[in-house]
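Visitor: Have a look at the structure that comes next, please.
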Amino acid sequence: MKRDDALTKKYVPCALWDFAGLQAWLNQQAQAGYALERWPGRSFIGRVSFRRDPEAPHTRYCLDPIGELIGETELRDRAASYREFGWHYVDRIGKLYAIYRTDDPAAQNLYTDPESLDWAMKKQMRFAWVSVIVWILWVAVIFRKDWPLLLRWPEEYLMNLILRAEILIPLYGILLILVITAVSGGIGTLLGVRQTKAYLRQGQWPPVSSRHYPEFCRFLLTAITAGALVLFLVFLGVSGVLHTRVLSGPEEWAFPHVTLEEVLPAGASLRAYDNRELLHSDTFDHSLLAPEQYDVAQGGKVTREDGTVTKTRLYQEHVRTLSPALAQAVYRGRVTAHRHTLEEYRINWEENTSTLHSNLPNAFDSMAEESVSYPGLDGLTRFTYQFSDERHPNVVYIGLAGERVFVLNCSGAADSQEALSLLVQRLDQA
Amino acid sequence: MGDGKHSPLTEPMLYVLMAFLRQERCGTEITQFVSDKTGGRVRLGPGTLYTLLGKFQEEKLIEETQVDGRKRTYRLTHLGRTVYEEEVERLRSCLRDAEEELL
């Protein structure tokens, strides 16, 4: 009888580490008249190619553990040695097993006692460990910028999620699924090989586990998730979600705010900076969880009545969230972010003091953070600090009022107390 | 003296070491020896055989003496003989105990 040239693809019902399951499945296919044609390498999606062959029912398949640590030369030597015993190399299952076939009914199985198979799987165990470590290192590297924030400043991390909800939540969700799929594959192989070895060590052959097509399911999940990631990135590119709107000036500040002119000392005059590069642009952002996010700045040279000139700046941020609980999270995040920024600034300052600022005292001696109780606000934190080249302290208020969070950053001649008082009144009216 | 870490040997291990007592052998000759010696009772698949040979070589119980193309021949080392003799002594002792109980 002739072999059928058409290939038949069949889904692998068990995990790739499952020695007994794979071997039993290959032999079942042989009994049903299907000879294994090839096992896909990198393009493996959970199914393999068989060819209908009338001789197949007389064929037996056996697996030989290889592990990635075994070299190609050793694999070829093994194949040549096994040939003398009637076993012929067919293909390899990834980095785990070599597949051998025999048509000789008298040929002994490759492994005739469990202990020797246990020893043969020693390299696989090492490979499985290496594989898991590599996956974990990969995760650590791709999220290297997030780990410090997540572990040391989690409140700031949560705030970023709220402020960029429609970008970060789906993106992290998709990446998390991809990472969990990859890492769980490595861990699954490690545990599976370990379990198989435990049976073998006790002198028992590992049982054939139940069939649930894990390899194809994993491929499907990865493909769907990767597809979702691509679509999401395309959506981000074309939807304009990533673009921050630049505001032309205070006429577009549709949130409770104060202006620099209102908080200057009596009789002082302001010459505002013409060059916006001295200040950052006024911007408006929004997200699903925080639909209003303003970040604005004013600054200039202030001349007091006595003729002294002071560089003065007033930065304001305003966030309105969908609920007070979200606002609370943003408030905590803002406080943490400010503390974090100052901490990094301090470290940088101290590292460079001996070489660059040897004649200056430690600028952070005067830095203070305090929680303040203030009528009309649910929370208020005040940061004060003064750099050694400044004549006035910087005062930053971070406050919470219901669903709103604000940051009021005053420097130079701006009266921070007055600014806070005015802002709280306007928040109350909003 | 053996270090005791090899004891007890499994049946296939004992017979593979036994195959080298009188002469150097290659893989097929070992399988034939074990089959003849045990009347087919102990089966030695090629995976089992080459895994054991690899393990014994790693543990310096045997050493390679000749490579003729694909054919590799091995012989027992002094340590291998010691380990074998200790295992035989252990089995002899077991057998003695077992027989005493039968009397």
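The values are calculated or read from the model by the stated rules, or taken from the named source; none is laboratory data. In this text the structure is predicted, and so the values were computed from the model without any measurement. Every residue, glycine as well, gets a Cβ built from its backbone with ideal geometry; the counts of neighbours run over all protein chains shown.
Visitor: Does B:TYR74 meet the test of being within 14 Å of chain A (Cβ to nearest Cβ) and part of a helix (DSSP H, G or I)? So that I can check it myself, show each step before the final result.
Guide: Numbers: within 14 Å of chain A (Cβ to nearest Cβ): yes; part of a helix (DSSP H, G or I): no.
The answer is no for B:TYR74.
Visitor: Another question, if that's okay. Is it the case, given these coordinates, that A:ALA363 is at pLDDT below 90 and touching a helix residue (DSSP H, G or I) at 6+ places or on another chain (Cβ under 7 Å)? Spell out how you get there, then give the answer.
Guide: Working: at pLDDT below 90: yes; touching a helix residue (DSSP H, G or I) at 6+ places or on another chain (Cβ under 7 Å): yes.
When the stated conditions are applied, A:ALA363 passes them.
Visitor: Which residues, counting only those in the stretch A:302-357, are out of contact with any strand residue (DSSP E or B) (no Cβ under 7 Å at 6 or more places or on another chain), of a type in the set (Val, Ile, Thr) and within 24 Å of A:LEU149 (Cα to Cα)?
Guide: A:THR321, A:THR336, A:THR341, A:ILE347
Visitor: Okay, next question. What about B:LYS60, is it in contact with a helix residue (DSSP H, G or I) (Cβ under 7 Å, 6 or more places away or on another chain), away from chain A (no Cβ under 11 Å) and over 25 Å from A:ALA107 (Cβ atoms)? Before you say what the answer is, go through the steps one by one.
Guide: Working: in contact with a helix residue (DSSP H, G or I) (Cβ under 7 Å, 6 or more places away or on another chain): yes; away from chain A (no Cβ under 11 Å): yes; over 25 Å from A:ALA107 (Cβ atoms): yes.
So B:LYS60 fits the description; yes.
Visitor: Identify, from the list B:TYR50, B:TYR84, the residue that is hydroxyl-bearing (Ser, Thr, Tyr), in contact with a helix residue (DSSP H, G or I) (Cβ under 9 Å, 6 or more places away or on another chain), away from every other protein chain (no Cβ under 14 Å) and assigned to a helix (DSSP H, G or I). Quick ask: steps written out before the conclusion?
Guide: On the way: B:TYR50 fails: away from every other protein chain (no Cβ under 14 Å).
One residue alone meets the criteria, B:TYR84.
Visitor: Looking only at the stretch B:27-57, how many residues end up being surrounded by 13 or more Cβ atoms within 10 Å (Cβ to Cβ) and over 17 Å from A:LEU110 (Cβ atoms)?
Guide: Narrowing the stretch B:27-57 to residues surrounded by 13 or more Cβ atoms within 10 Å (Cβ to Cβ): B:27-35, B:37-38, B:42-57.
Filter once more, keeping what is over 17 Å from A:LEU110 (Cβ atoms): B:29, B:32-33, B:37-38, B:56-57.
Qualifying residue count, the stretch B:27-57: 7.
Visitor: When you go through A:LEU137, A:LEU150 one by one, which is the residue that is surrounded by fewer than 15 Cβ atoms within 10 Å (Cβ to Cβ), part of a helix (DSSP H, G or I), more than 14 Å from every other protein chain (Cβ to nearest Cβ) and out of contact with any helix residue (DSSP H, G or I) (no Cβ under 7 Å at 6 or more places or on another chain)?
Guide: Working: A:LEU150 fails: out of contact with any helix residue (DSSP H, G or I) (no Cβ under 7 Å at 6 or more places or on another chain).
Unique residue meeting the criteria: A:LEU137.
Visitor: I'm checking my understanding of the structure. Among residues of the stretch A:85-110 that are in contact with a Gly (Cβ under 7 Å, 6 or more places away or on another chain) and within 11 Å of chain B (Cβ to nearest Cβ), which one is farthest from B:LEU52 (Cα to Cα)?
Guide: By that ranking, first place goes to A:THR102.
Visitor: Taking A:ALA15 and the conditions (1) in contact with a Pro (Cβ under 6 Å, 6 or more places away or on another chain); (2) at pLDDT 95 or above, which numbered condition does it fall short on, given that it satisfies the others?
Guide: Failed condition: (2).
Visitor: Sticking with this structure for a sec: Name the single residue that is surrounded by the fewest Cβ atoms within 10 Å (Cβ to Cβ) among those in the stretch A:50-84 being at the interface with chain B (Cβ under 9 Å from one of its Cβ atoms) and small (Gly, Ala, Ser).
Guide: A:ALA80
Visitor: Looking only at the stretch A:184-207, count how many residues are touching a helix residue (DSSP H, G or I) at 6+ places or on another chain (Cβ under 6 Å), surrounded by 17 or more Cβ atoms within 10 Å (Cβ to Cβ) and of a type outside the set (Gly, Ala, Ser).
Guide: Residues in the stretch A:184-207 being touching a helix residue (DSSP H, G or I) at 6+ places or on another chain (Cβ under 6 Å), surrounded by 17 or more Cβ atoms within 10 Å (Cβ to Cβ) and of a type outside the set (Gly, Ala, Ser): 7 in total.
Visitor: Just the residues that are more than 9 Å from every other protein chain (Cβ to nearest Cβ) and under 12 Å from the mean Cα position of the chain (by Cα), please, taken from the stretch B:26-47.
Guide: B:ILE30, B:PHE33, B:VAL34
Visitor: Another one. Counting only residues that are touching a His at 6+ places or on another chain (Cβ under 9 Å) and in a loop (DSSP other than H, G, I, E, B), which one in the stretch A:376-413 is surrounded by the fewest Cβ atoms within 10 Å (Cβ to Cβ)?
Guide: A:SER388
Let's see how each residue does on (1) of a type in the set (Ser, Thr, Tyr); (2) in a strand (DSSP E or B); (3) touching a Phe, Trp or Tyr at 6+ places or on another chain (Cβ under 6 Å); (4) touching a residue at least 12 places away in the same chain (Cβ under 8 Å):
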| position | (1), (2), (3), (4) |
| --- | --- |
| A:ALA15 | no, no, no, yes |
| A:ALA20 | no, no, no, yes |
| A:LEU26 | no, no, yes, yes |
| A:PHE50 | no, yes, yes, yes |
| A:TYR61 | yes, yes, no, yes |
| A:LEU75 | no, no, no, yes |
| A:ARG78 | no, no, no, yes |
| A:PHE85 | no, no, no, yes |
| A:VAL90 | no, yes, no, yes |
